[in-house]
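Undergrad: What follows is a single structure, and I will ask about it in a moment.
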Amino acid sequence: MITRALAESVLACAMSGGADFAEIYGQITCNNSITMMNGKIERASDNLVSGVGIRAFLGTKTVFASTSDLSPEGLFKCARSVAAAMGEIRGDVSVNLTERIFPNIHPVKILPSSVEAKVRADILRQGCFAAKEADPAIVQAMGSIAGVDHTILVANTEGLYTTDRHVRTRMAVSAVASNGSENQSGSDSPGAGMGLEFFDLVNPADIGREAARQALVNLRADYCPAGTMTVAIENGFGGVIFHEACGHSLEATSVAIGASQMAGKLGQQIANPKVTAIDDGTIPGAWGSVNIDDEGHPTQRNVLIENGILKNYMIDRLGSRRMGMPMTGNSRRQGYTYEPTSRMTNTFIANGPDKNEDIIASMEYGLYCRKMGGGSVNPLTGAFNFAVTEGYLVRNGKICEPVRGAALIGTGSEILQNIDMVGQNLARAQGMCGSSSGSVPTDVGQPLIRVSTITVGGR
């Protein structure tokens, strides 16, 4: 992408404005995708994204610029613009780089781009067909299959020169069920940091059937009553509540400037003692895993909360400078046009001491959230609002009729204290997380948990 000698010269140029640190981030990304409606291909695309971002530091001041011109002239022009914005040009400095190769813990067997589109379309068609054929009430099935082959280069004035490659595969199916007077939908969208061997582990037809099942459940569901009640949240994507309501508040992006409900609380009891939460970018083949982050720092298993005690934050280079704490391998960005920030990788609540059956049995009346959807959160206050895409009322320790239209409303600090039971069926699910450095793949997860009291929006 960029030779070591050229990188040394470009970094020296970027430093010439008086910076105390500079870095180059290079990217070459191949994306391919196929979308389908009721078994017919609607769109197939392949595209290539390439470019370089150059950033310089002076203390906690940063200057960033990017270019798609990878010629030496284009790179030096970009570097000179960074140096000029940083301060008075003082002349180039000497930069010496040493190439480093980090271990690859995510080997790929079948690159999606190496398989012809017909094969990928046939995989997708299995999922869409299974959804459409699940029940006569399913009137529409839509799906997509996508592959990403993402290569990065990181070079900086600490002497680092390295490359890394991430490959990801994901399939999504959504289904619409109708009774003639109204429609309801369901979806499923698993993915992994793998190639097409992912489908040796996940049956495409099962993805379609799961989407149809959710749509059919919601079609027969009545509206959820509103009120304050006990809520059980199932594993997998149920972890989106911790991710949004608490995880973002543990990123240095907000903590370092005091714009987080968790700022200044290291060592304090912020959650029920049954709660241990982890961000782990080293899980082989996981959707949010990478060998190194987008500043070239190895990812790690970072215990954020241990038995309710706040142990650590997720910290990038700028956050490290602001907070005086070490980097944790959480610097991420969508691509070369974005300046990196601290972001989550695979973030989850660990298994706890409670049996899953005891959690439901303990509920006299409440809501069982089998599937969670999207929502919104304010990292400063932790206030959140999340949709429940599949829910059931619980009466006398039994899961009863399905309900729809439910939403969970509260704050991150409140829900952490109110998680009073944590089960033992940890599972993770995949999503794309948006923040100031763009959209990046992240896993969320948890076992079945019980929240003793929370506001449920409904009718």
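Read-outs: derived from the displayed coordinates by stated rules, not from any lab. Remember, predicted model here, so these are calculated numbers, not experimental data. No Cβ is skipped: glycine too gets one built from the backbone with ideal geometry, and neighbour counts run over all protein chains shown.
Undergrad: For the chain, build the charge dipole from Cβ charges (+1 Lys, Arg; -1 Asp, Glu) around the Cα centre, then report which of THR345, ASN396, ILE24 sits farthest towards its positive end.
TA: ASN396
Undergrad: Rounded to the nearest 0.05, what FRET efficiency do LEU380 and ALA226 have when you use their Cβ-Cβ distance and R0 = 22 Å?
TA: E between LEU380 and ALA226, to the nearest 0.05, is 0.25.
Undergrad: Here is a further query. Sorted from largest to smallest, which semi-axis lengths in Å does the alpha carbon gyration tensor of the chain give for its equivalent ellipsoid, taking the root of 5 times each eigenvalue?
TA: 41, 29, 17
Undergrad: Towards the positive end of the charge dipole of the chain, with charges on Cβ (+1 Lys, Arg; -1 Asp, Glu), say which of LEU111, PRO284, GLY375 has the farthest Cα.
TA: Ranked along the dipole, the leading option is GLY375.
Undergrad: Along the Cα→Cβ direction, 7 angstrom out, place labels at LEU111 and GLU88. What is the inter-label distance in nm?
TA: With each label placed 7 Å out from Cα toward Cβ, I get 5.0 nm.
Undergrad: Only Cα pairs under 8 Å and at least 6 apart count here; give the relative contact order of the chain as a rounded whole percent.
TA: 16 percent
Undergrad: Moving to a separate point now. Where does the charge balance sit around ARG370 when Lys and Arg score +1, Asp and Glu -1, over other residues with C-beta under 10 Å from its C-beta?
TA: Here the charged neighbours net out to -1.
Undergrad: Run the paramagnetic zone check for THR35: 7 angstrom along Cα to Cβ, then residues of segment 120-139 with backbone nitrogen under 17 Å.
TA: 121, 124-125, 128
Undergrad: Continuing with this model, one more query. Once you charge only the Cβ atoms, +1 for Lys and Arg and -1 for Asp and Glu, what is the size of the charge dipole of segment 1-130 about its Cα centre, to the nearest 20 debye?
TA: Dipole magnitude for segment 1-130 comes out near 420 debye.
Undergrad: Hey, got the dipole for segment 227-457? About the Cα centre, +1 on K and R Cβ, -1 on D and E Cβ, debye to the nearest 20?
TA: For this selection, approximately 120 debye.
Undergrad: Would you mind ranking GLU42, GLU116 by Cβ crowding within 10 Å, fewest neighbours first?
TA: GLU116, GLU42
Undergrad: On a full-extension model of 0.36 nm per residue, what is the gain between ASP20 and THR455, subtracting their alpha-carbon distance, rounded to one decimal in nm?
TA: 151.6 nm
Undergrad: If one takes the longest principal axis of the Cα atoms in the chain, at what angle in degrees, from 0 to 90 and to the nearest 10, does the Cα axis of helix 4-15 lie?
TA: 90 degrees
Undergrad: Can you give me the C-alpha center-to-center distance between segment 30-58 and segment 194-246, rounded to a whole angstrom?
TA: 26 Å
Undergrad: With unit charges on the beta carbon (Lys/Arg positive, Asp/Glu negative), name the residue among GLY267, ASN356, VAL456 whose Cα is farthest towards the positive pole of the charge dipole of segment 227-457.
TA: Checking the options against the dipole of segment 227-457, the answer is GLY267.
Undergrad: Take every Cα pair under 8 Å in segment 227-457 that's 6+ residues apart, average their separations, divide by the length, and report that relative contact order as a whole percent.
TA: Rounded, it is 31 percent for segment 227-457.
Undergrad: How far is helix 72-86 tilted off the main Cα axis of the chain, in degrees rounded to 10, range 0 to 90?
TA: Roughly 90 degrees between the two axes.
Undergrad: So, in Å, what gap is there between the alpha-carbon centers of segment 260-308 and segment 66-136?
TA: 25 Å
Undergrad: So, one more: Which angle between 0 and 90 degrees, to the nearest 10, do you get for helix 204-219 versus the longest principal axis of the chain when only C-alpha atoms count?
TA: Value to nearest ten degrees: 50.
Undergrad: Then there's this: Return VAL154, VAL202 ranked ascending by Cβ neighbour count within 10 Å, so the fewest neighbours appear first.
TA: Going from sparsest to densest Cβ surroundings: VAL202, VAL154.
Undergrad: Where a ≥ b ≥ c are the square roots of the eigenvalues of the C-alpha gyration tensor, would you call segment 186-316 rounded, which needs a/c under 1.5, or, failing that, prolate if a/b is larger than b/c, or oblate?
TA: oblate
Undergrad: Which order do the peptides 137-149, 327-339, 229-241 take when ranked by the mean count of other beta-carbon atoms within 10 Å per residue, highest first?
TA: 229-241, 327-339, 137-149
Undergrad: Of all beta bridges DSSP finds with both residues in segment 227-457, what is the antiparallel percent, to the nearest 5?
TA: 85 percent
Undergrad: I would also like to ask the following. Counting other C-beta atoms within 10 Å, which of PHE57, PHE198 has the fewest, and how do the rest follow?
TA: Sorted ascending by nearby Cβ count, the order is PHE57, PHE198.
Undergrad: Using the per-residue mean of other Cβ atoms lying within 10 Å as a proxy for protection, in what order, highest first, do the peptides 167-176, 355-364, 94-103, 250-259 fall?
TA: Those peptides, ordered most packed to least, come out 167-176, 250-259, 355-364, 94-103.
Undergrad: Students often forget the sequence filter, so: which lysines lie under 25 Å Cα-Cα from LYS132 once same-chain residues fewer than 8 apart are removed?
TA: Result set, ordered by chain and number: LYS40, LYS118, LYS371.
Undergrad: Which net charge results when you count Lys and Arg as +1 and Asp and Glu as -1 among the other residues whose beta-carbon is under 13 Å from that of GLU8?
TA: Details: positive: ARG4; negative: GLU23, ASP92, GLU99, GLU158.
In short, -3.
Undergrad: Roughly how many debye, to the nearest 20, is the charge dipole of the chain about its Cα centre, given +1 on each Lys and Arg Cβ, -1 on each Asp and Glu Cβ, and no other charges?
TA: Dipole about the Cα centre, nearest 20: 300 debye.
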